[in-house]
Amino acid sequence: MTSADNATRHRYGVLGASAAVVVAGTLGLVSLADAATESDGLAAFDPGLTAEAVSHRTPVLTAVARALTFIGNTPVLVTLTIVTALILWRWTRSWRIPAVLLVAMIGSSVLTTGLKTLIGRSRPDVSLVLGPVTHSFAFPSGHTLNSTVFFITVAALVWERIRRPRNRAAILAVAVLMSIGIGLSRVYLGYHWATDVLAGWTVAVVWLAIVLNVAAFVRARSGPPAGDVATGNG
């Protein structure tokens, strides 16, 4: 079997796995949305989980949670996206790489707004909130969804351009920990129910599977752009 055959089999294998992720994630999201609307299923545990998070508040944890939730704010993520896109363009000298990040983030924002409006779920009582009160809908958590898409997309875009396994692992670990931390901070600070955050992660995974696979397909069809080479620096 030739290397081209192996590459084709690998590509179809990745596509099959990604399609399974999209289907499973979509079904999971529908289940979460139904539970959030009916206050049953996993959503029945939300009040207890919120009460548990509130009971463990400390000055140190609150400071950490506020810092994490600040990073997930829309103005901060917009700034990070623009700056990162410019850095990626300078690094690769290709418009494709930053374009993937921009498309991922624009789509993430649209999904956040659309799903919030569609589900129309109320947030926890304002008495639980540590910080400025917001009156937008709760499901899914926009901080969780958008920050997860941002950090995982950036990690994926630089993954193939870094050879050292230690640096790859570090980048992936930071992306995952930031995504998890920002999501948990939203429950801790009283802005979201746990299922809002879980839905944010679920939508993010589905959207990432679509965006990154489309980007890989386009790259495979057109070939790597000039300057798109791996580097040992991290």
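Is it the case that some residue within the range 55-74 is under 16 Å from the mean Cα position of the chain (by Cα) and without any contact (Cβ under 8 Å) to a residue 12 or more places away in the chain? Taking every residue of the range 55-74 in turn, at least one turns out to be under 16 Å from the mean Cα position of the chain (by Cα) and without any contact (Cβ under 8 Å) to a residue 12 or more places away in the chain.
Every residue, every condition in (1) surrounded by fewer than 22 Cβ atoms within 10 Å (Cβ to Cβ); (2) under 20 Å from the mean Cα position of the chain (by Cα); (3) at pLDDT 95 or above; (4) charged (D, E, K, R), yes or no:
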| site | (1), (2), (3), (4) |
| --- | --- |
| Val83 | yes, yes, yes, no |
| Trp89 | yes, no, no, no |
| Thr92 | yes, no, no, no |
| Ala104 | no, yes, yes, no |
| Gly114 | yes, yes, yes, no |
| Asp125 | yes, no, no, yes |
| Val133 | yes, no, no, no |
| Phe151 | no, yes, yes, no |
| Arg163 | yes, no, no, yes |
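Screening Ala169, Ala156 for residues that are out of contact with any strand residue (DSSP E or B) (no Cβ under 8 Å at 6 or more places or on another chain) and surrounded by fewer than 16 Cβ atoms within 10 Å (Cβ to Cβ) leaves exactly one candidate, Ala169. Any idea which residue in the range 37-52 is modelled with the lowest pLDDT, counting only those that are hydroxyl-bearing (Ser, Thr, Tyr) and within 18 Å of Gly120 (Cβ to Cβ)? Residue satisfying both the conditions and the ranking: Ser39. Within the range 121-178, if we keep just the residues that are part of a loop (DSSP other than H, G, I, E, B) and among the hydroxyl-bearing types (Ser, Thr, Tyr), the residue that is nearest to Ser31 (Cα to Cα) turns out to be Ser141. Residue pairs whose Cβ atoms lie under 8 Å apart, separated by 6 or more positions or on different chains, with the first residue in the range 118-132 and in contact (Cβ under 8 Å) with a residue 40 or more places away in the chain and the second assigned to a helix (DSSP H, G or I) and β-branched (Val, Ile, Thr), are Ile119/Thr37; Arg121/Thr37; Pro124/Thr50; Leu128/Thr50; Leu128/Val54; Leu130/Thr62; Gly131/Thr69. The set of residues in the range 71-99 that are part of a loop (DSSP other than H, G, I, E, B) and either among the hydrophobic types (A, V, I, L, M, F, W, C) or out of contact with any Ser or Thr (no Cβ under 8 Å at 6 or more places or on another chain) (or both) comprises Asn73, Arg93, Ser94, Trp95. Pairing each residue of the range 155-173 that is among the aliphatic types (A, V, I, L, M) with any residue that is in a loop (DSSP other than H, G, I, E, B), provided the two are 6+ apart or on different chains, yields C-beta distances under 8 Å for Ile162/Ala230; Ile162/Gly232; Ile162/Asn233; Ile162/Gly234; Ala170/Gly234; Ile171/Gly234.
Out of curiosity, is Ile210 among the aliphatic types (A, V, I, L, M), surrounded by fewer than 22 Cβ atoms within 10 Å (Cβ to Cβ) and either more than 21 Å from Leu68 (Cβ to Cβ) or at pLDDT 95 or above (or both)? Break it down into steps so the answer makes sense when it comes.
On the way: among the aliphatic types (A, V, I, L, M): yes; surrounded by fewer than 22 Cβ atoms within 10 Å (Cβ to Cβ): yes; either more than 21 Å from Leu68 (Cβ to Cβ) or at pLDDT 95 or above (or both): yes.
Yes: the conditions hold for Ile210.
With respect to being farther than 21 Å from Arg186 by Cα, modelled with pLDDT of 95 or more and either part of a helix (DSSP H, G or I) or of a type in the set (Asp, Glu) (or both), Val14 falls outside the description.
Quick check on the range 17-36: of everything there that is in contact (Cβ under 8 Å) with a residue 24 or more places away in the chain and of a type in the set (S, T, N, Q), which residue is surrounded by the fewest Cβ atoms within 10 Å (Cβ to Cβ)? Within the range 17-36, the match that is surrounded by the fewest Cβ atoms within 10 Å (Cβ to Cβ) is Thr26.
The values are calculated or read from the model by the stated rules, or taken from the named source; none is laboratory data. None of these values were measured; they are calculated from a predicted model. Cβ atoms come from the backbone with ideal geometry, glycine included; neighbour counts cover every protein chain shown.
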